[in-house]
Structure formats: C-alpha cells, structure tokens
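Let me begin by presenting the structure, written as structure tokens, before commenting on it.
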C-alpha cells in the first residue's frame, strides 16, 4: 500500500474537518487545486442572511447592481471557507454577533430584520468602534465587500468599463471621454 | 529512449538560456535533446488564464494564504492562482538553509522555465560592469569585456524584439530597439522635473522584451496592452521559450524535447576530462536513464545548475568532480530589492491612461559612475510607473460607491534593483543528511547580504524619496523591507567565468575548465551581477557560447 492510499484510509477516523496539511497530503498532487466550486459552508443560515443584508448596505444597488447581484455574499463565504484561518473568521463572526446583539437591544429584533436605515446605523456604530469588536469587523467586512464587488463580472463590466484587449496605449487620454473608469 | 549517441548535444533546462541553446545548436545542424524537469506547456493552448478577467480566475486571483505559505513559500506571497501552474511546489521539492540565512529560491515547474513569468526588463551590461571587479579588486575579474558580447546582444535583440528608446548613455548601452512603450503625461512631466533638479540623472523609457511591432515571420503579434504577461501570452508579444526559441528549434527538425525529466547529475571521466552522460529521472515513473552526447549545455537555472554540478561526484564521495578548486558554489549573488518609494504627481487631472502597458519608466544607475565618496560600492537603478487609481472614499453605502467612480491623483511608484557584490563565503552546497524525492541531497544555501548591500538599500531609499520630493511630488512615502536573498529572483553566480582555473569554473567561452564538452550559460556563470536585469545577457552569452562550441566540435576539439 503506498502512502497516499494509507492516508486516504485514515480519513474515516478523522471525521469531516481534517486538519488542512493532512487534507492536502491525502489529496496529494503536485499543484494543489483551489476550490472554484461551491464555497465551504462557514455561516449559519442566520449569519448568511445578515452577511447578505449588510453587504448590500456597503455597496447598494443604484443605477448599477449592488453587492447581492454581484455575488458578494457567496464570495465572502468562499473567502472565509477556503481562504481564511480561524482567527480571521472569528473577526467576522464576532462582529456579526455584536451587531445582532445591539440590534435586539435598540430595535427589538435581529439585525437582518432591521430596516435599511437601522442597518446603516448599526454599521456606523461598528465603523466608529462603538460596538465590541466593531472596528476590526467593519474594516475586514468592508474590504471583503469591496474586493468581491470590484472583482465580480458586474463590478468589472457594469460598474466599471473593462478593456479585455486594449490594443493601444494612450498616456494622455482625455478624462472627459471616460464614462466609467477602467477596470484594471 | 535508450542511452545512445543519437544526440550531438544535450541541453539541460528550457528557460531563457536553454531555449537559446537549443535554437542555436539545432540551427547550426546539431541533433539536440533538450530536457526539463517541468511539465510540458505548449504555446497558447497551455495558458489557462490568458485573456481571462479577474472574475474568471480562481479566488479572484488571490492565493489562499495558508496554501501560499505551505506550498509556495519561496514566492513569499507573490504567487497567484493564475501563475501557480507555472511554479514548483516548494513543500514537495524542499531545499535547505539555516533559519537566520533564509533564501527564497523561486523555481518554475514547466518547460519554458521562468521565461514564461519573467519581468521582461532587458538591458545590456556596460563596459564598466565588466571591469568593476578588476578595478575595485573585488571577487575575480571577468575574462571578457563589452566588445566580446556586444555583437551577440545585437544578434539576440534583433531576433527577440526589445522595445526602448535610444539614449547614448555610456553606462547603459542602447539595444537594437523597437519603438518604446510611450511615457504617459505624468511621467513626461516627472522626467523634465527630475532631470532638471538632478543634472546627470535620467528618467527613460522602460526597455522590455515586449514587442511593439509585429514579427509575422515568428507568428508573433505586437503587445496588446493587457498587462497580464505572466499568465502566458497567446499573441507571443513577449519573449518566452514557447513563443520564440522553441518554435525555431523545432523548425529545424533536429530537436527532441523531453519534459518531466529531472537531471540529478552528470557522469564524468576524470581521465579524459569529459562529461560522459546525463543522468535523469522520469518524474512520473521514477525510471532512471543515462543519456550520452558529445557535449552538454547546462542551463537549468543558476542554482539548479549548481545543484546538478555539486551532485556530480564519484561513487562514495561527497565531493563533486567539479569542486577541485573550491570555486563551485561560491560567490552566489542576488540583486538588492525591497526598496520602494511613491508620491502623488500634481495636476494633469484632465488626463488618464487608456490601456495597460507591460512596463513604465527607468531611472538608470547614477551612483559611483565616477569616483564618488560613498559608503558603498556599485549602484542601483529604479523601475517605476505613474498611474491613476480609483478614489478611495471612506465609509460605506451610496456615497462610497459613487465616490469610487472618480480617479484619484496621478501616483508614481518606483523600486530599486541594485548590485550585490560577490563574496566567496556566500555559497551553496549539498546537505548530505537530507535528500529529495529522487534521492539527491538537498541544496543548502548559506547566503546573506553584507554591509555594502545594506548601505546601498539605505541610499536608494534616501535618494528615491529625495528625487520625488525635489521633483515636486506630494505625499511622498518610502519603505525598505527586509530583503531575503533570492527575492529579486536574480540569483546568480557559483560557477563563475574567469581567467584562472584555480579560482573559476568556466573559461571565457562558458566552457568548464574541468570538461571541454560542458558549457554553462545560465546565471551560474556570473562573476558579478551589475544592477540591471540579467536575462538579456544570458541570451547573448548563450548564443556566443553555442557558436564557439559548434566551431570547436567541427574542429574536432570536442
């Protein structure tokens, strides 16, 4: 029996959440593949609903689609599931919990059921460091939303203008001719 | 493939140097076997992320941090999911160093080597670069001078296509240029300001192995201004083995290319002083084979070539056949790196950039060109560019979203590449107590920067910020990170060229003192490293060595 098969036979004993280096050793391949399918589930349904609502408040629908249409909530779960380590996930989980706790105290309902204006008020408290763990949560969450949005198809091709093959370079292109700024 | 004499030459490695060796040797009529440890990558069809937008790249182009740390640690965070397929997995292919003297050894894992992912900045060395060791009494003298290489620079430049502007600078000779990528309006302003504030210092067009005119005879199309070169370019707009030298070698009908073949060592006859075989392991099957040819071009990349040479030793001995004089593995160098400065360029807000250039502007070396009272030897140059990013308003919501629809100011950034001196005790060796998956002792690095390099980095930071401030930029920032050797990915030396067989490994034709039929034409040959990017010099030296080797073979001397 080679080592790869031997490792694979241990999987059943370890349960579902195999320590990452072991998981990679079992799935040995010279170039590990990055998950492009469904994200690993890291949120409870309630957390996911709140992440969805808050991401849309960060980057709302206007004359172009907002965060939800751009798939930002899925992107965030993907990043936290496949990308983040436990401490980084905790920053998000704790911030979501603090926002929910404050929402119940101030508005008598969980944040996901709060109005858009109330959600904005809760995010503002977090931003200003007036919730426990609020400031680091807001900074991390805002980065995730912005990155997810401006790297999405909607962010790249609708909110901004995408030049897949510019062909030419003009280093003095009139700003007046720019309708939407160019995606990088 | 049986061990036969069906090949006139074996080329080990298929990157910048190996590809040139294969092209030149096959075009001169030799039957050539080119081997690479990496997997096959065919031009165009094996560039999975060529032309893809960010949303089509796994994880939107962000490498999972844990994976980068565990499996691609030499790249120190620079690997992305779009370039990962071209790089080796460090976890599965370890190397060795003592913790205080870390070395980031960046290695490719594909046919074409680093020619697929390189930075493409291309400069000639100057006469002063070749003379520096002798003039200063540092290291060992080069046995060649600028005039020995100049015609070969022209030869490779005309073939590959190098874009740039003529400047007539004695310390940075012009290449055979295609038109440069133009400066943008902010860079033109900076050029005028910087050159008037600092007489003698220049800000010039980037010199790049990206073509600005079509080369239809090579099926190559000029750069399309996408700025995604390191994913592979189906237009063939930048120099790579796949786009340029491999098609030429294949067209002769005399090339055999074998991927997935790890060369572990050379077999050697000390009596005849000849390399008698190349031992390789099939990476997929583990099958071992020794292939013979009249001559060998070792172009495996500087440190890998040293690894192969160090591991070429008599049975039962830990000492290489090529280690007779102690020079092998010593005086390993890299460029200084990790000094960056930036500032906002005022005005010109009515202009933006259209398209994405593959490079920007260059500030050539200005230190120690003449006798100067500075606390360090040699010098450095800056590579940079000006551009405008989206504004970054604070907060969240509609005001932020719409605020990000405006461009911010022009911002100029540049970073330094500087010359590291050759120190004989900066060396690589074998660690006989640890072996890789092919049974080869690991390559062990003992390389660190010394005072000269540290002082040069300090000076680059100080001068970089001074230049931007005096030119009139605002919000000038600068930083000097800890530079781990190897990070510039310009690791060189260890089998230097020299006059004296007692202190060097190669003669002035890249030919091993200890084996007339062995030529080493990658970065291992370097006796010093200048401050300019090295690949163009490897190409010219490879073409020159191949010409000499074939003449010697025809004369019956090899």
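The values are calculated or read from the model by the stated rules, or taken from the named source; none is laboratory data. Please read these numbers as outputs of a predicted model, since none were measured by experiment. Here the Cβ is made from the backbone with ideal geometry for all residues, glycine too, and neighbour counts use every protein chain on show.
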Residue A:167 versus (1) over 32 Å from the mean Cα position of the chain (by Cα); (2) outside any loop (DSSP other than H, G, I, E, B): which is the lone unmet condition?
(2)
Picking from A:65, A:73, the residue that is closer than 30 Å to residue A:160 by Cβ, part of a helix (DSSP H, G or I) and modelled with pLDDT of 85 or more would be A:73
Among the residues of segment B:99-122, which ones are farther than 13 Å from residue B:75 by Cα and crowded, with 24+ Cβ neighbours inside 10 Å?
B:110, B:111, B:112, B:113, B:115, B:116, B:120, B:122
Could you please find all residues in segment B:414-434 being outside any strand (DSSP E or B) and over 20 Å from residue B:122 (Cα atoms)?
B:421, B:422, B:423, B:424, B:425, B:426
Complete set of residues in segment B:45-82 that are under 22 Å from the mean Cα position of the chain (by Cα) and within 24 Å of residue A:183 (Cβ to Cβ):
B:47, B:50, B:77, B:78, B:79, B:80, B:81, B:82
In this structure, is residue A:90 part of a helix (DSSP H, G or I), within 30 Å of residue A:35 (Cα to Cα) and away from chain B (no Cβ under 14 Å)?
yes
Please indicate, with yes or no, whether at least one residue in segment A:13-26 is modelled with pLDDT of 50 or more, part of a loop (DSSP other than H, G, I, E, B), within 14 Å of chain B (Cβ to nearest Cβ) and buried (at least 18 other Cβ atoms within 10 Å of the Cβ).
no
Of (1) within 14 Å of another protein chain (Cβ to nearest Cβ); (2) without any contact (Cβ under 8 Å) to a residue 60 or more places away in the chain, residue B:78 satisfies all except one. Which?
(1)
When residue A:109 is run through (1) in a helix (DSSP H, G or I); (2) more than 30 Å from residue B:412 (Cα to Cα); (3) more than 8 Å from chain B (Cβ to nearest Cβ), the failure sits at (1)
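Among residues belonging to segment A:161-177 that are within 8 Å of chain B (Cβ to nearest Cβ) and in contact (Cβ under 8 Å) with a residue 12 or more places away in the chain, point out the one that is nearest to residue B:212 (Cα to Cα).
Residues of segment A:161-177 that are within 8 Å of chain B (Cβ to nearest Cβ), as a first pass: A:162-176.
With in contact (Cβ under 8 Å) with a residue 12 or more places away in the chain added as a condition, the list becomes A:162-163.
Values: A:162: 22, A:163: 19 Å.
Among those that are within 8 Å of chain B (Cβ to nearest Cβ) and in contact (Cβ under 8 Å) with a residue 12 or more places away in the chain, it is A:163.
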Can residue A:148 be described as closer than 25 Å to residue B:398 by Cα, assigned to a helix (DSSP H, G or I) and within 13 Å of chain B (Cβ to nearest Cβ)?
yes
Residue check for residue B:66: surrounded by fewer than 17 Cβ atoms within 10 Å (Cβ to Cβ) and within 11 Å of another protein chain (Cβ to nearest Cβ)
yes
Of the residues in segment B:109-153 that are part of a loop (DSSP other than H, G, I, E, B) and without any contact (Cβ under 8 Å) to a residue 40 or more places away in the chain, the one that is farthest from residue B:382 (Cα to Cα) is B:137
Which members of segment A:122-136 meet the condition of being at pLDDT 95 or above and part of a helix (DSSP H, G or I)?
A:122, A:123, A:124, A:125, A:126, A:127
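Could you list all residues from segment B:69-88 that are buried (at least 18 other Cβ atoms within 10 Å of the Cβ) and in a loop (DSSP other than H, G, I, E, B)? Full working, then the answer.
Restricting attention to segment B:69-88, the residues satisfying the condition of being buried (at least 18 other Cβ atoms within 10 Å of the Cβ) are B:71-72, B:74-75, B:79-88.
Correct list: B:72, B:79, B:80, B:81, B:82, B:83, B:88.
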Taking residue A:101 and the conditions (1) within 14 Å of chain B (Cβ to nearest Cβ); (2) over 30 Å from residue B:210 (Cβ atoms); (3) surrounded by fewer than 16 Cβ atoms within 10 Å (Cβ to Cβ), which numbered condition does it fall short on, given that it satisfies the others?
(1)
Among (1) modelled with pLDDT under 95; (2) within 11 Å of chain B (Cβ to nearest Cβ); (3) in a helix (DSSP H, G or I), there is one condition residue A:119 misses while meeting the rest; what is its number?
(1)
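Can you tell which of B:522, B:514, B:500 is buried (at least 24 other Cβ atoms within 10 Å of the Cβ), out of contact with any strand residue (DSSP E or B) (no Cβ under 7 Å at 6 or more places or on another chain) and farther than 21 Å from residue B:378 by Cβ? Walk me through it before giving the result.
Values: B:514 fails: buried (at least 24 other Cβ atoms within 10 Å of the Cβ); B:500 fails: buried (at least 24 other Cβ atoms within 10 Å of the Cβ).
Going through B:522, B:514, B:500 in turn, just one is buried (at least 24 other Cβ atoms within 10 Å of the Cβ), out of contact with any strand residue (DSSP E or B) (no Cβ under 7 Å at 6 or more places or on another chain) and farther than 21 Å from residue B:378 by Cβ: B:522.
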Give me the pairs: first residue in segment B:89-100 and away from chain A (no Cβ under 14 Å), second residue buried (at least 17 other Cβ atoms within 10 Å of the Cβ), beta-carbon distance under 6 Å, and six or more apart or on different chains, which are they?
B:95/B:105; B:95/B:442; B:95/B:443; B:96/B:442; B:96/B:444; B:97/B:103; B:97/B:445
Count - residues of segment B:154-176 that are assigned to a strand (DSSP E or B) and either within 14 Å of chain A (Cβ to nearest Cβ) or surrounded by 17 or more Cβ atoms within 10 Å (Cβ to Cβ) (or both):
3
Elements of type strands (runs of 3 or more DSSP E) contained in segment B:351-413, each with 3 or more residues being touching a residue at least 40 places away in the same chain (Cβ under 8 Å) and farther than 30 Å from residue A:159 by Cβ
B:361-363, B:380-390
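Does residue B:438 fit the bill of being more than 30 Å from residue B:553 (Cβ to Cβ), out of contact with any strand residue (DSSP E or B) (no Cβ under 6 Å at 6 or more places or on another chain), in contact (Cβ under 8 Å) with a residue 24 or more places away in the chain and part of a loop (DSSP other than H, G, I, E, B)?
On the way: more than 30 Å from residue B:553 (Cβ to Cβ): yes; out of contact with any strand residue (DSSP E or B) (no Cβ under 6 Å at 6 or more places or on another chain): no; in contact (Cβ under 8 Å) with a residue 24 or more places away in the chain: yes; part of a loop (DSSP other than H, G, I, E, B): yes.
So residue B:438 fails the test.
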Just to be sure I understand, how many residues within segment B:24-75 are without any contact (Cβ under 8 Å) to a residue 40 or more places away in the chain and closer than 30 Å to residue B:155 by Cα?
1
